[in-house]
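Here the structure comes first, spelled out in structure tokens, and everything after it is commentary.
The values are calculated or read from the model by the stated rules, or taken from the named source; none is laboratory data. As the structure is a prediction and not an experimental result, all values here were calculated from the model. Cβ sites come from the backbone with ideal geometry, for glycine too, and all protein chains shown count toward neighbours.
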Amino acid sequence: MTKKDTTGASAPDWLHEAIFYQIFPDRFANGDPSLDPPDVVAWDSRPTRTNFFGGDFLGIEQHLDHIVGLGANALYLNPVFQAGTNHRYDTEDYFAIDQRLGDRKGFGRFLAAAHQQGVKVVLDAVLNHCGAGHPYFADVTARETQSAYVVAEEWREPEQWLQGDRCDGTMNYTMRALLLGFTADRQIDAYELAQGMNQLRDRIPAGFRHGMLNLLGSHGTERVLTRHRGHRGRCLLSHALMFASQGAPMVYYGDEIGLRGPNDPGCRAAMPWDETVWNQRMLESLRSLAKLRSTSVPLRRGSQDYVALDPDTVMVVRDLPDERVVMVAHRGDGVRLSPESIPLERAWTLLSSGADGLRLGRGGFTVLTGRPAMVPALVGSSPGTDR
Ligand code: CA
């Protein structure tokens, strides 16, 4: 049974539209070397738990075109306040911006530049320490919690944090575990994935489902491509499922160009700006997925059902009253879908990869739209706009 939202509260509406890009500020771009600490290391150095690379607000500002070009319209910044470490989770003063990143003016210029490009900025901070009335937050949506550990623990019981007075959403580590269990580790099959995703949906109050921050990797996990053992096709499949799912997708900086690295500190390498080392196919694929989501209302605002078609093939069904979008994702070596298994009338294709019509190749997926049609697989799940 769906958990009742007794408060009537909900996450902000704009989160329906959000595609996040997560930045670890010390590692994204160095725009102002004069701010670098004395012990700064070369940009291509190996990340350690203690070294500083010199990333700053000006660097982010100078590369907003890359972020917007990917299709993101929101930034999630790991801590930016005064602290003694490169990750700044030991924040000393929530009223002071870390001087290595820029001063208050520089932060303001960066915010203005981001907003001019339609990019919202979300800070990783504890509101209890500074209050929503602080000037920094007048133009910034702040949320999330003090340490990566707390965030990591939150996911076990997301509903506790979503009662309307604590935060708008949580890092969706449960979804991450399910998707990667299907595409990377293969510890679960499509039936278990569908059951897990539908149970997770039912645990989250309806008004907060679109506010979940969906992610495949972060500053506190191994890189998503590394989790897929360098297998780009499977890695892309996990992204396809994330972009098709309810909740705001979030890309961790560098994942879009195929960065690899083990868990902290290896996942915090500096973003390379020499585009010849980028995985352009991954970048183009993620741009396509972001564009798909930004042009499809059901993918942003529709209800969601996951349905398994066979152990290696899962279907994500996103519904508005008059329009349904279906993504079918296949992790096996190839499958031919029967038209009867697709719950659409007069379907047409929005996007596909490794697919020829209803024939999906290895790691292929296809995204179809049309009017809802009843199929046996969906009988039993209750209709509605937010089930
Ligand atoms: Ca710098």
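Restricting to region 230-279, name every residue that is without any contact (Cβ under 8 Å) to a residue 40 or more places away in the chain and acidic (Asp, Glu).
Asp255, Asp274, Glu275
Within region 26-46, is there a residue that is away from the ligand (no atom under 16 Å from the Cβ), farther than 30 Å from Arg201 by Cα and in the same structural domain as Arg209 (by TED's automatic domain parsing)?
Looking for residues that are away from the ligand (no atom under 16 Å from the Cβ), farther than 30 Å from Arg201 by Cα and in the same structural domain as Arg209 (by TED's automatic domain parsing), one finds at least one in region 26-46, hence yes.
Could you run through region 47-76 and say how many residues are within 8 Å of the ligand (Cβ to nearest atom) and over 20 Å from Asp255 (Cβ atoms)?
Summing the residues that are within 8 Å of the ligand (Cβ to nearest atom) and over 20 Å from Asp255 (Cβ atoms) in region 47-76 gives 3.
Consider only pairs whose beta carbons are under 6 Å apart and that are at least six residues apart or on different chains; among these, list those whose first residue lies in region 218-229 and is under 16 Å from Phe182 (Cα atoms) and whose second residue is of a type in the set (D, E, K, R).
Hits for this filter: Val224/Asp255; Leu225/Arg260; Thr226/Arg260; His228/Arg234.
Quick one: in region 291-321, of everything that is touching a His at 6+ places or on another chain (Cβ under 8 Å) and part of a helix (DSSP H, G or I), which residue is farthest from Leu350 (Cα to Cα)?
Step by step, filter region 291-321, then rank; the result is Arg301.
Just the residues that are surrounded by fewer than 18 Cβ atoms within 10 Å (Cβ to Cβ) and touching a Pro at 6+ places or on another chain (Cβ under 7 Å), please, taken from region 20-51.
Within region 20-51, Thr48, Arg49 meet the criteria.
Might you let me know whether region 270-290 holds any residue that is touching a strand residue (DSSP E or B) at 6+ places or on another chain (Cβ under 8 Å), in the same structural domain as Val119 (by TED's automatic domain parsing), not in a loop (DSSP other than H, G, I, E, B) and not small (Gly, Ala, Ser)?
Yes, because at least one residue in region 270-290 is touching a strand residue (DSSP E or B) at 6+ places or on another chain (Cβ under 8 Å), in the same structural domain as Val119 (by TED's automatic domain parsing), not in a loop (DSSP other than H, G, I, E, B) and not small (Gly, Ala, Ser).
Output the residues belonging to region 96-118 that are in contact (Cβ under 8 Å) with a residue 40 or more places away in the chain, more than 16 Å from the ligand (Cβ to nearest atom) and surrounded by fewer than 23 Cβ atoms within 10 Å (Cβ to Cβ).
Hits for region 96-118 are Ala113, Gln117, Gly118.
Just the residues that are aromatic (Phe, Trp, Tyr) and under 25 Å from the mean Cα position of the chain (by Cα), please, taken from region 25-84.
Once the filter is applied, which keeps residues that are aromatic (Phe, Trp, Tyr) and under 25 Å from the mean Cα position of the chain (by Cα), region 25-84 yields Phe28, Phe53, Phe57, Tyr76, Phe81.
Which residues, taken from region 323-355, are more than 27 Å from Leu180 (Cβ to Cβ), without any contact (Cβ under 8 Å) to a residue 24 or more places away in the chain and not in a loop (DSSP other than H, G, I, E, B)?
Pro339, Ala347, Trp348 - these are the residues of region 323-355 that are more than 27 Å from Leu180 (Cβ to Cβ), without any contact (Cβ under 8 Å) to a residue 24 or more places away in the chain and not in a loop (DSSP other than H, G, I, E, B).
Could you tell me which numbered condition Thr366 fails, if it satisfies all but one of (1) outside the structural domain of Met212 (by TED's automatic domain parsing); (2) crowded, with 22+ Cβ neighbours inside 10 Å; (3) in contact (Cβ under 8 Å) with a residue 60 or more places away in the chain?
All conditions pass for Thr366, except number (3).
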